[in-house]
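First up is the structure itself, then whatever we jot down about it.
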Amino acid sequence: MMKDCLDIMRREMTEVLEKNILPFWMNRMVDTAHGGFYGRVTGEDELMPEAVKGAVLNARILWTFAAVYRVLGKREYLDMANRAKRTLIDCFYDRVFGGIYWSVDFCGSPLDTKKQVYALGFALYGLSEYVRATGDEEALDYAVRLYECIEKYSHDLLRNGYWEAFTREWGDLQDMRLSDKDANERKTMNTHLHVLEAYANLCRVWRNERVEQSLRNVIRLFLDRIWNKETGHLGLFFDDEWTCKSCIISYGHEIEASWLVYEAALVLNDERLLAEVGDWVRIVAESAAEGLNKEGGMMYERRGKGGRIDGDCHWWVQAETVVGYLNLYQHWQDERALLRAFRCWEFIKKNLIDYKNGEWHWSVYADGRINTEDDKAGLWKCPYHNSRMCIEVIERFGCKYPGNQGI
């Protein structure tokens, strides 16, 4: 019965990936006038052709189409990945000071030139996935350059961890926040999470002792610094001394971290570390389950113990919830976790997929209304979380396709 349900889920996700998510980006987001990809489509499906173009959006497009080409082997996906790679290298890479600009204007000229380590991580993630799919030497060269920038400028050698952001010239930046809702702190769980996934992916294509040591270090930071053993939850914002400066619990980041940290440990192939991380994963995933609502969706966050719950169900949180609980089933045969993944997938199909216009809505409000106020595509709304969910299911549960399977 469980195998039959997984087969159905896999077929459904393959169809959603190829008929709902990817066509939106291929047919609506390619900027034929100025190159690269448009920067924004509103929640009401209005294209904004002169919108700012973000590094994170472009890097996530690169990762997505490199990954689907690696798994599905279709030429049209490689063409999109090629376009994203060229845009990232030619428009976003800073040839004077190194690193990645935060944004460019709609013509592709540098706009916000700060160095947000979160963006560098995603650029590294996308480039290394392109290397996995194609073996491309140029992409590997730029991936290594970004790794060296992160280690040179962001790594806190005294107290460990990675600082958030810098000026274009790698000087101190007064406002280091990713967005207005974030705390202005030197270190964050979110940036460390995406440095982790980037380093893990780089290790897959470039087995270098320094990168392996860096990856092992970030894993340890999650286990020893970011995770609160008393509450079972992850802290979000920290000062230089690793004092937690927030009481927010982000359910989506917790379930995402649970499987990404385990994936990173698998890349290192260290049995002792895998055993330790495995125990940690199950605790964190169970802590995140506090955010599941009665329909099977994962709520956004809670502000402190007994604090206000934001019951909105964001698209990315649902995608990570499915993967996180499938990860528990795959590695530890946790059937309750599998049921949670099934229920969340049903919630996604019912509430978030835009069957008429393509892609997914940003979120479902706690009262059940669809959110059309936030973007369908933009600086943060990208094809990465939902496409990755589909790809993870296809790869983890045995669906094989002809064509390029990567290197």
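The values are calculated or read from the model by the stated rules, or taken from the named source; none is laboratory data. Being a predicted model, the structure only gives us computed values, none of them experimental. All Cβ positions, even for glycine, are placed from backbone atoms using ideal geometry, and neighbour counts span all protein chains on display. Surface areas here come from the heavy atoms of the whole protein model, side chains and all, with no ligands, DNA or RNA. Shrake-Rupley method; radii C 1.70, N 1.55, O 1.52, S 1.80 Å.
Based on what the data block shows, is Arg70 under 23 Å from Trp362 (Cα atoms), open to solvent by less than 50 Å² (accessible area, probe 1.4 Å), touching a helix residue (DSSP H, G or I) at 6+ places or on another chain (Cβ under 6 Å) and of a type in the set (Lys, Arg)?
Numbers: under 23 Å from Trp362 (Cα atoms): no; open to solvent by less than 50 Å² (accessible area, probe 1.4 Å): yes; touching a helix residue (DSSP H, G or I) at 6+ places or on another chain (Cβ under 6 Å): yes; of a type in the set (Lys, Arg): yes.
Considered against the rule, which asks whether it is under 23 Å from Trp362 (Cα atoms), open to solvent by less than 50 Å² (accessible area, probe 1.4 Å), touching a helix residue (DSSP H, G or I) at 6+ places or on another chain (Cβ under 6 Å) and of a type in the set (Lys, Arg), Arg70 comes out as no.
Taking Ala165 as the residue in question, decide whether it is closer than 25 Å to Ala33 by Cβ, among the small types (Gly, Ala, Ser) and open to solvent by less than 30 Å² (accessible area, probe 1.4 Å).
Details: closer than 25 Å to Ala33 by Cβ: no; among the small types (Gly, Ala, Ser): yes; open to solvent by less than 30 Å² (accessible area, probe 1.4 Å): yes.
No: the conditions fail for Ala165.
State whether the residues of the stretch 242-258 include one that is surrounded by fewer than 22 Cβ atoms within 10 Å (Cβ to Cβ), at pLDDT 95 or above and among the small types (Gly, Ala, Ser).
no
Quick one: count up the residues across the stretch 70-86 that are in a helix (DSSP H, G or I), of a type outside the set (Gly, Ala, Ser) and within 17 Å of Asn27 (Cα to Cα). Lay out the reasoning, then the answer.
Within the stretch 70-86, the subset in a helix (DSSP H, G or I) is 70-72, 75-86.
Imposing the further condition that a residue be of a type outside the set (Gly, Ala, Ser) reduces the set to 70-72, 75-80, 82-83, 85-86.
Now restrict to residues that are within 17 Å of Asn27 (Cα to Cα): 75-80, 82-83.
The qualifying residues number 8.
Considering only residues that are in a helix (DSSP H, G or I) and small (Gly, Ala, Ser), which ones fall in the stretch 178-231?
Taking the stretch 178-231 and keeping what is in a helix (DSSP H, G or I), we get 189-205, 209-226.
The answer is Ala198, Ala200, Ser214.
Tell me which of these Gly171 doesn't satisfy, since it passes every other one: (1) more than 21 Å from the chain's Cα centre (by Cα); (2) of a type in the set (Gly, Ala, Ser); (3) on the phi > 0 side of the Ramachandran plot.
The number of the failed condition is (3).
Take the stretch 277-317 and flag every residue that is touching a helix residue (DSSP H, G or I) at 6+ places or on another chain (Cβ under 7 Å), in a loop (DSSP other than H, G, I, E, B) and on the phi < 0 side of the Ramachandran plot.
Glu295, Gly297, Met299, Tyr300
For the stretch 169-187, check the following and say yes or no: at least one residue is at pLDDT 95 or above, in contact with a His (Cβ under 9 Å, 6 or more places away or on another chain) and not basic (Lys, Arg).
Checked against the condition, which is being at pLDDT 95 or above, in contact with a His (Cβ under 9 Å, 6 or more places away or on another chain) and not basic (Lys, Arg), the stretch 169-187 yields no hits at all.
Restrict the check to the stretch 187-202 and report whether at least one residue is without any contact (Cβ under 8 Å) to a residue 40 or more places away in the chain and open to solvent by 10 Å² or more (accessible area, probe 1.4 Å).
Filtering the stretch 187-202 for residues without any contact (Cβ under 8 Å) to a residue 40 or more places away in the chain gives 192.
Now restrict to residues that are open to solvent by 10 Å² or more (accessible area, probe 1.4 Å): none.
No - not one qualifying residue is present in the stretch 187-202.
Would you be able to tell me the number of residues in the stretch 47-67 that are of a type in the set (D, E, K, R) and under 13 Å from the mean Cα position of the chain (by Cα)?
Selection size over the stretch 47-67: 1.
If you go through the stretch 103-132 one residue at a time, how many are open to solvent by 10 Å² or more (accessible area, probe 1.4 Å), among the basic types (Lys, Arg) and in contact with a strand residue (DSSP E or B) (Cβ under 9 Å, 6 or more places away or on another chain)?
1
Would you check if there is a residue in the stretch 142-161 being acidic (Asp, Glu), modelled with pLDDT of 95 or more, surrounded by fewer than 23 Cβ atoms within 10 Å (Cβ to Cβ) and over 26 Å from Asn217 (Cβ atoms)? Before you say what the answer is, go through the steps one by one.
Pass one, the stretch 142-161, residues acidic (Asp, Glu): 148, 151, 156.
Right, trim to modelled with pLDDT of 95 or more and you get 148, 151, 156.
Narrowing the set further to residues that are surrounded by fewer than 23 Cβ atoms within 10 Å (Cβ to Cβ) leaves 148, 151, 156.
Among the residues that remain, those that are also over 26 Å from Asn217 (Cβ atoms) are: none.
There is no residue in the stretch 142-161 that is acidic (Asp, Glu), modelled with pLDDT of 95 or more, surrounded by fewer than 23 Cβ atoms within 10 Å (Cβ to Cβ) and over 26 Å from Asn217 (Cβ atoms).
Which pairs turn up if I take residues in the stretch 66-81 that are over 23 Å from Gly35 (Cβ atoms) and look for partners that are among the aliphatic types (A, V, I, L, M) and crowded, with 24+ Cβ neighbours inside 10 Å with beta carbon separation below 6 Å, at least 6 apart in sequence or on another chain?
Arg70/Ala133
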